[in-house]
Amino acid sequence: MSVLSACCLFGTEERRKERDKRDLEKILYVMEYKGFEKGIRQIYMMMPDLFGETLAMSRIRRLLRKKGIRTKVRRTRQAKRGMACFMDRNRKPNLLKRKFRLHRPNEVRLTDVTYLSYGKGREKKRAYGSSCIDPVTGKLLVFHISGNNDLELALGTLEKLSAYPAVEGALFHSDQGILYFADEFQKKISDMGMVQSMSKKGNCWDNAPQESFFGHFKDECDYKDCGTLEELQAMVDGYAWYYNHERHQWDRNRMTPVQYEEYLLSLDEEDFARYMATEQEKYDRMKEKAQELAVARAKDLEV
(Lines give C-alpha, C1' and ligand atoms only; values in the text may rest on other atoms or scores of the structure.)
Protein backbone atom coordinates (compact mmCIF):
# COMPACT_ATOMS: atom_id res chain seq x y z
CA MET A 1 0.00 0.00 0.00
CA SER A 2 1.36 3.40 -1.00
CA VAL A 3 1.84 6.23 1.46
CA LEU A 4 -0.95 8.17 -0.27
CA SER A 5 -3.40 5.26 0.04
CA ALA A 6 -2.51 4.80 3.69
CA CYS A 7 -3.11 8.49 4.35
CA CYS A 8 -6.51 8.36 2.61
CA LEU A 9 -7.53 5.27 4.58
CA PHE A 10 -6.43 6.88 7.83
CA GLY A 11 -8.37 10.02 6.94
CA THR A 12 -11.52 8.04 6.14
CA GLU A 13 -11.29 6.16 9.45
CA GLU A 14 -10.85 9.41 11.35
CA ARG A 15 -13.89 10.94 9.63
CA ARG A 16 -15.96 7.85 10.43
CA LYS A 17 -14.97 8.01 14.10
CA GLU A 18 -15.76 11.71 14.21
CA ARG A 19 -19.17 11.10 12.64
CA ASP A 20 -19.92 8.29 15.08
CA LYS A 21 -18.96 10.58 17.95
CA ARG A 22 -21.27 13.37 16.74
CA ASP A 23 -24.18 10.97 16.12
CA LEU A 24 -23.74 9.38 19.52
CA GLU A 25 -23.85 12.80 21.18
CA LYS A 26 -27.14 13.49 19.37
CA ILE A 27 -28.57 10.09 20.37
CA LEU A 28 -27.64 10.67 24.01
CA TYR A 29 -29.19 14.14 23.88
CA VAL A 30 -32.47 12.65 22.61
CA MET A 31 -32.34 9.91 25.26
CA GLU A 32 -31.95 12.48 28.04
CA TYR A 33 -34.39 15.02 26.55
CA LYS A 34 -36.67 16.32 29.34
CA GLY A 35 -35.63 13.43 31.58
CA PHE A 36 -38.09 10.82 30.26
CA GLU A 37 -37.01 7.29 29.35
CA LYS A 38 -37.02 6.50 25.64
CA GLY A 39 -36.64 3.35 23.59
CA ILE A 40 -34.88 2.94 20.24
CA ARG A 41 -38.02 3.66 18.24
CA GLN A 42 -38.74 6.86 20.17
CA ILE A 43 -35.17 8.08 19.66
CA TYR A 44 -35.51 7.37 15.93
CA MET A 45 -38.80 9.28 15.68
CA MET A 46 -37.66 12.30 17.74
CA MET A 47 -34.34 12.75 15.94
CA PRO A 48 -35.82 14.79 13.03
CA ASP A 49 -37.69 17.06 15.48
CA LEU A 50 -34.57 17.87 17.52
CA PHE A 51 -31.83 17.77 14.87
CA GLY A 52 -33.58 17.87 11.50
CA GLU A 53 -32.08 14.56 10.39
CA THR A 54 -32.83 10.86 10.60
CA LEU A 55 -30.55 8.08 11.80
CA ALA A 56 -31.31 4.47 10.96
CA MET A 57 -32.47 2.41 13.95
CA SER A 58 -29.69 -0.09 13.20
CA ARG A 59 -27.15 2.73 13.52
CA ILE A 60 -28.68 3.95 16.77
CA ARG A 61 -28.52 0.41 18.18
CA ARG A 62 -24.92 -0.08 17.00
CA LEU A 63 -23.62 3.15 18.51
CA LEU A 64 -25.37 2.55 21.82
CA ARG A 65 -24.18 -1.05 21.92
CA LYS A 66 -20.62 0.03 21.17
CA LYS A 67 -20.72 2.28 24.24
CA GLY A 68 -22.41 -0.39 26.35
CA ILE A 69 -25.57 1.68 26.73
CA ARG A 70 -28.99 0.00 26.79
CA THR A 71 -32.37 1.66 26.78
CA LYS A 72 -34.80 0.65 29.54
CA VAL A 73 -38.05 0.99 27.58
CA ARG A 74 -39.78 -2.05 26.04
CA ARG A 75 -36.59 -4.07 26.04
CA THR A 76 -37.15 -7.74 25.25
CA ARG A 77 -35.98 -9.77 28.19
CA GLN A 78 -34.17 -13.04 27.73
CA ALA A 79 -36.18 -14.69 30.50
CA LYS A 80 -39.42 -13.60 28.86
CA ARG A 81 -38.32 -15.01 25.51
CA GLY A 82 -37.28 -18.23 27.20
CA MET A 83 -40.64 -18.57 28.93
CA ALA A 84 -42.48 -17.97 25.65
CA CYS A 85 -40.44 -20.71 23.96
CA PHE A 86 -41.11 -23.04 26.90
CA MET A 87 -44.86 -22.39 26.76
CA ASP A 88 -44.99 -22.92 22.99
CA ARG A 89 -43.02 -26.16 23.29
CA ASN A 90 -45.16 -27.66 26.06
CA ARG A 91 -48.60 -26.32 25.13
CA LYS A 92 -51.01 -29.12 24.20
CA PRO A 93 -53.98 -28.95 21.79
CA ASN A 94 -57.58 -29.14 22.96
CA LEU A 95 -58.30 -32.79 22.16
CA LEU A 96 -61.40 -32.99 24.36
CA LYS A 97 -63.34 -30.16 22.64
CA ARG A 98 -66.01 -30.14 25.39
CA LYS A 99 -67.06 -33.70 24.60
CA PHE A 100 -67.19 -34.36 28.31
CA ARG A 101 -69.72 -37.19 28.22
CA LEU A 102 -69.13 -38.68 24.78
CA HIS A 103 -66.83 -41.29 26.28
CA ARG A 104 -66.90 -44.38 28.44
CA PRO A 105 -66.05 -44.21 32.15
CA ASN A 106 -62.31 -43.75 32.83
CA GLU A 107 -61.56 -42.43 29.35
CA VAL A 108 -61.29 -38.78 30.46
CA ARG A 109 -59.81 -36.99 33.46
CA LEU A 110 -60.36 -33.29 34.18
CA THR A 111 -58.24 -31.29 36.62
CA ASP A 112 -57.93 -27.76 37.97
CA VAL A 113 -56.83 -25.81 41.06
CA THR A 114 -58.92 -23.52 43.26
CA TYR A 115 -58.01 -21.41 46.29
CA LEU A 116 -59.61 -22.08 49.68
CA SER A 117 -59.54 -19.41 52.40
CA TYR A 118 -59.97 -20.82 55.90
CA GLY A 119 -59.48 -19.84 59.54
CA LYS A 120 -60.83 -16.84 61.45
CA GLY A 121 -59.62 -13.30 62.05
CA ARG A 122 -55.86 -12.97 62.11
CA GLU A 123 -55.57 -16.73 61.74
CA LYS A 124 -57.08 -16.58 58.27
CA LYS A 125 -55.04 -18.62 55.79
CA ARG A 126 -55.15 -19.67 52.17
CA ALA A 127 -54.84 -23.19 50.83
CA TYR A 128 -55.05 -24.60 47.33
CA GLY A 129 -57.20 -27.52 46.26
CA SER A 130 -56.24 -29.57 43.22
CA SER A 131 -59.13 -31.70 42.01
CA CYS A 132 -59.59 -34.38 39.39
CA ILE A 133 -62.93 -35.75 38.18
CA ASP A 134 -64.31 -38.15 35.60
CA PRO A 135 -66.73 -36.00 33.57
CA VAL A 136 -68.57 -39.05 32.23
CA THR A 137 -69.72 -40.35 35.61
CA GLY A 138 -69.28 -37.12 37.57
CA LYS A 139 -67.12 -39.01 40.06
CA LEU A 140 -64.63 -37.07 42.17
CA LEU A 141 -61.35 -38.98 42.04
CA VAL A 142 -58.91 -36.69 43.83
CA PHE A 143 -59.14 -33.52 45.90
CA HIS A 144 -55.61 -32.80 47.10
CA ILE A 145 -54.96 -29.89 49.49
CA SER A 146 -51.72 -27.94 49.90
CA GLY A 147 -50.55 -24.67 51.35
CA ASN A 148 -48.72 -23.86 48.12
CA ASN A 149 -49.84 -23.60 44.52
CA ASP A 150 -46.74 -25.24 43.09
CA LEU A 151 -45.50 -28.24 41.12
CA GLU A 152 -45.65 -30.44 44.21
CA LEU A 153 -49.40 -29.80 44.39
CA ALA A 154 -49.86 -30.97 40.78
CA LEU A 155 -47.59 -33.98 41.19
CA GLY A 156 -49.30 -34.91 44.45
CA THR A 157 -52.60 -34.92 42.59
CA LEU A 158 -51.22 -37.36 40.02
CA GLU A 159 -49.81 -39.54 42.78
CA LYS A 160 -53.27 -39.87 44.34
CA LEU A 161 -54.85 -40.29 40.91
CA SER A 162 -52.73 -43.40 40.30
CA ALA A 163 -55.12 -45.22 42.66
CA TYR A 164 -57.84 -44.71 40.00
CA PRO A 165 -56.26 -45.97 36.77
CA ALA A 166 -57.70 -44.78 33.48
CA VAL A 167 -57.80 -46.77 30.27
CA GLU A 168 -54.70 -46.62 28.07
CA GLY A 169 -54.72 -43.44 26.00
CA ALA A 170 -57.25 -41.64 28.21
CA LEU A 171 -57.40 -37.85 27.89
CA PHE A 172 -56.04 -35.79 30.78
CA HIS A 173 -57.52 -32.32 30.32
CA SER A 174 -56.69 -29.05 32.10
CA ASP A 175 -56.59 -25.34 31.51
CA GLN A 176 -53.33 -23.61 30.58
CA GLY A 177 -52.14 -23.17 34.15
CA ILE A 178 -48.33 -22.99 34.37
CA LEU A 179 -48.19 -26.13 36.54
CA TYR A 180 -49.46 -28.25 33.67
CA PHE A 181 -46.64 -27.09 31.37
CA ALA A 182 -43.85 -28.45 33.59
CA ASP A 183 -41.71 -31.12 31.93
CA GLU A 184 -41.85 -33.34 35.03
CA PHE A 185 -45.64 -33.11 35.16
CA GLN A 186 -46.06 -33.86 31.45
CA LYS A 187 -43.71 -36.83 31.67
CA LYS A 188 -45.73 -38.24 34.59
CA ILE A 189 -48.94 -37.95 32.52
CA SER A 190 -47.27 -39.86 29.69
CA ASP A 191 -45.89 -42.50 32.08
CA MET A 192 -49.43 -43.05 33.38
CA GLY A 193 -50.54 -43.88 29.83
CA MET A 194 -52.64 -40.73 29.34
CA VAL A 195 -52.64 -38.10 26.60
CA GLN A 196 -52.59 -34.48 27.69
CA SER A 197 -55.16 -31.98 26.44
CA MET A 198 -55.52 -28.27 27.26
CA SER A 199 -58.34 -25.75 27.08
CA LYS A 200 -58.04 -22.75 24.84
CA LYS A 201 -56.37 -19.89 26.67
CA GLY A 202 -58.75 -18.09 29.01
CA ASN A 203 -61.76 -20.26 28.13
CA CYS A 204 -63.27 -21.73 31.32
CA TRP A 205 -66.07 -23.45 29.36
CA ASP A 206 -63.52 -25.91 27.96
CA ASN A 207 -63.20 -27.33 31.50
CA ALA A 208 -66.74 -26.61 32.68
CA PRO A 209 -67.53 -29.78 34.70
CA GLN A 210 -64.43 -29.29 36.83
CA GLU A 211 -65.30 -25.63 37.42
CA SER A 212 -68.84 -26.71 38.30
CA PHE A 213 -67.55 -29.13 40.94
CA PHE A 214 -65.63 -26.36 42.68
CA GLY A 215 -68.79 -24.27 42.72
CA HIS A 216 -70.81 -27.08 44.36
CA PHE A 217 -68.09 -27.71 46.93
CA LYS A 218 -67.84 -24.07 47.99
CA ASP A 219 -71.63 -23.74 48.18
CA GLU A 220 -72.17 -26.93 50.18
CA CYS A 221 -69.12 -27.39 52.40
CA ASP A 222 -68.54 -25.06 55.36
CA TYR A 223 -64.76 -25.43 55.30
CA LYS A 224 -63.90 -21.86 56.30
CA ASP A 225 -63.94 -22.63 60.05
CA CYS A 226 -61.13 -25.18 59.73
CA GLY A 227 -58.14 -24.20 61.85
CA THR A 228 -55.39 -26.22 60.21
CA LEU A 229 -54.50 -27.64 56.83
CA GLU A 230 -55.03 -31.14 58.25
CA GLU A 231 -58.57 -30.26 59.37
CA LEU A 232 -59.27 -28.86 55.92
CA GLN A 233 -58.04 -32.01 54.18
CA ALA A 234 -60.15 -34.17 56.53
CA MET A 235 -63.26 -32.12 55.73
CA VAL A 236 -62.51 -32.36 52.01
CA ASP A 237 -62.11 -36.13 52.28
CA GLY A 238 -65.46 -36.37 54.06
CA TYR A 239 -67.14 -34.29 51.37
CA ALA A 240 -65.55 -36.46 48.67
CA TRP A 241 -67.19 -39.57 50.13
CA TYR A 242 -70.54 -37.78 50.42
CA TYR A 243 -70.24 -36.38 46.88
CA ASN A 244 -69.52 -39.74 45.30
CA HIS A 245 -71.74 -42.08 47.34
CA GLU A 246 -74.66 -40.03 48.69
CA ARG A 247 -75.11 -36.83 46.69
CA HIS A 248 -77.44 -37.42 43.71
CA GLN A 249 -77.04 -35.60 40.38
CA TRP A 250 -80.14 -34.58 38.46
CA ASP A 251 -78.64 -34.92 35.00
CA ARG A 252 -77.28 -38.39 35.70
CA ASN A 253 -80.59 -40.17 36.14
CA ARG A 254 -80.76 -38.74 39.67
CA MET A 255 -78.06 -41.20 40.70
CA THR A 256 -74.90 -40.66 42.72
CA PRO A 257 -71.66 -40.71 40.71
CA VAL A 258 -70.82 -44.19 41.98
CA GLN A 259 -74.27 -45.47 41.03
CA TYR A 260 -74.07 -43.84 37.61
CA GLU A 261 -70.67 -45.38 36.96
CA GLU A 262 -72.05 -48.82 37.84
CA TYR A 263 -75.03 -48.17 35.58
CA LEU A 264 -72.88 -47.24 32.57
CA LEU A 265 -70.55 -50.18 33.07
CA SER A 266 -73.53 -52.54 33.17
CA LEU A 267 -74.83 -51.51 29.72
CA ASP A 268 -74.31 -53.88 26.83
CA GLU A 269 -73.00 -52.53 23.52
CA GLU A 270 -76.45 -51.88 22.07
CA ASP A 271 -77.68 -50.00 25.13
CA PHE A 272 -74.45 -48.03 25.38
CA ALA A 273 -74.75 -47.05 21.70
CA ARG A 274 -78.24 -45.65 22.43
CA TYR A 275 -76.86 -43.78 25.44
CA MET A 276 -74.09 -42.29 23.29
CA ALA A 277 -76.60 -41.26 20.61
CA THR A 278 -78.59 -39.34 23.24
CA GLU A 279 -75.45 -37.66 24.54
CA GLN A 280 -74.43 -36.77 20.99
CA GLU A 281 -77.78 -35.04 20.46
CA LYS A 282 -77.24 -33.02 23.64
CA TYR A 283 -73.75 -32.08 22.48
CA ASP A 284 -74.98 -31.01 19.05
CA ARG A 285 -77.66 -28.81 20.64
CA MET A 286 -75.05 -27.26 22.91
CA LYS A 287 -72.80 -26.48 19.93
CA GLU A 288 -75.69 -24.99 17.98
CA LYS A 289 -76.69 -22.79 20.91
CA ALA A 290 -73.08 -21.69 21.43
CA GLN A 291 -72.87 -20.72 17.77
CA GLU A 292 -76.09 -18.70 18.02
CA LEU A 293 -74.78 -16.87 21.09
CA ALA A 294 -71.48 -16.13 19.32
CA VAL A 295 -73.33 -14.64 16.34
CA ALA A 296 -75.53 -12.56 18.67
CA ARG A 297 -72.48 -11.22 20.53
CA ALA A 298 -70.80 -10.33 17.25
CA LYS A 299 -73.89 -8.37 16.15
CA ASP A 300 -74.03 -6.54 19.49
CA LEU A 301 -70.39 -5.57 19.09
CA GLU A 302 -71.02 -4.66 15.43
CA VAL A 303 -68.18 -6.94 14.35
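The values are calculated or read from the model by the stated rules, or taken from the named source; none is laboratory data. This structure is a prediction, so every number in the text was calculated from the model and none was measured. Backbone-built Cβ (ideal geometry, glycine too); neighbour counts: all protein chains shown. All accessible areas refer to the heavy atoms of the entire protein, side chains included, with ligands and DNA or RNA removed. Shrake-Rupley method; radii C 1.70, N 1.55, O 1.52, S 1.80 Å.
Here is the result for the stretch 179-217: no chymotrypsin sites (Phe, Trp or Tyr not before Pro) lie in DSSP coil with at most 10 other C-beta atoms within 10 angstrom of their C-beta. Here the chain is assigned +1 on the Cβ of each Lys and Arg and -1 on the Cβ of each Asp and Glu. Its dipole about the Cα centre then comes out at about 2780 debye. For residue 177, no residue 5 or more places off, or on another chain, has a built amide H under 5 Å of its own. The gain in end-to-end length when the residue 90 to residue 65 segment is fully stretched comes to 5.6 nm, 0.36 nm per residue minus the alpha carbon separation. Seen against the Cα atoms of the chain and their longest principal axis, helix 151-161 is set at about 30 degrees. Model label points for residue 187 and residue 53, set 7 angstrom from Cα along the Cα-to-Cβ axis, are 5.8 nm apart.
Computed over protein heavy atoms with a 1.4 Å probe, the accessible surface of the stretch 119-218 works out to 45 Å² per residue. Once the Cβ-Cβ distance of residue 160 and residue 262 is raised to the sixth power relative to R0 = 25 Å, the FRET efficiency obtained is 0.70. Packing, taken as the mean count of other beta carbons within 10 Å per residue, orders the peptides 46-52, 169-175, 226-232 from highest to lowest as 169-175, 226-232, 46-52.
You can think of it this way: the chain between residue 120 and residue 297 has 59.4 nm of extra reach, that is 0.36 nm per residue less the Cα-Cα gap.
When a 1.4 Å probe is rolled over the protein heavy atoms, the share of accessible surface on the stretch 20-110 that falls to carbon and sulfur comes to 51 percent.
Once the Cα atoms are used to define both axes, helix 229-245 deviates from the longest principal axis of the chain by about 50 degrees. Quick one: of 92/139; 26/67; 200/289; 26/72; 160/200; 34/66, which pairs are farther than 22 Å apart, Cα to Cα? Over 22 Å Cα-Cα: 92/139; 160/200; 34/66. Could you tell me how far the Cα centroid of the stretch 37-67 sits from the Cα centroid of the stretch 131-156, in Å? About 53 Å separates the Cα centre of the stretch 131-156 from the one of the stretch 37-67.
The share of alpha-carbon pairs in the chain lying farther apart than 25 Å comes to 65%. Ignoring everything except DSSP H segments at least 4 long, calculate the 222 nm mean residue ellipticity for the chain; use -39,500 (n - 2.57) per segment, divide by total residues, nearest 500. Rounded to the nearest 500, the figure is -17000 deg cm²/dmol. Beta bridges assigned by DSSP with both partners in the chain are antiparallel in approximately 70 percent of cases. The calculated FRET efficiency for the pair residue 246 and residue 208, based on their C-beta separation and a Förster distance of 22 Å, comes to about 0.40. Remark on the stretch 149-303: Rg and Dmax equal 18.9, 53 Å (Cα only). Ignoring lysines fewer than eight residues from residue 124 along the same chain, the ones with Cα atoms less than 20 angstrom from its Cα are 218, 224. Each residue, residue 104 and residue 151, gets one label point 7 Å from its Cα in the Cβ direction; the gap between the two is 3.6 nm.
Once both labels are positioned 7 Å from their Cα atoms along Cα-to-Cβ, the gap between residue 20 and residue 80 label points is 2.9 nm. Against the criterion of solvent-accessible heavy-atom surface with a 1.4 angstrom probe, 89, 252 sort, most first, into 89, 252. Rounded to the nearest 10 degrees, the angle from helix 257-266 to the longest Cα principal axis of the chain is 80 degrees.
Applying the Karplus relation 6.51 cos²θ - 1.76 cosθ + 1.60 with θ = phi - 60° to the stretch 107-119 yields 3J(HN,Hα) values of 9, 9, 10, 10, 9, 5, 10, 10, 8, 9, 8, 9, x Hz, where x marks Gly and Pro.
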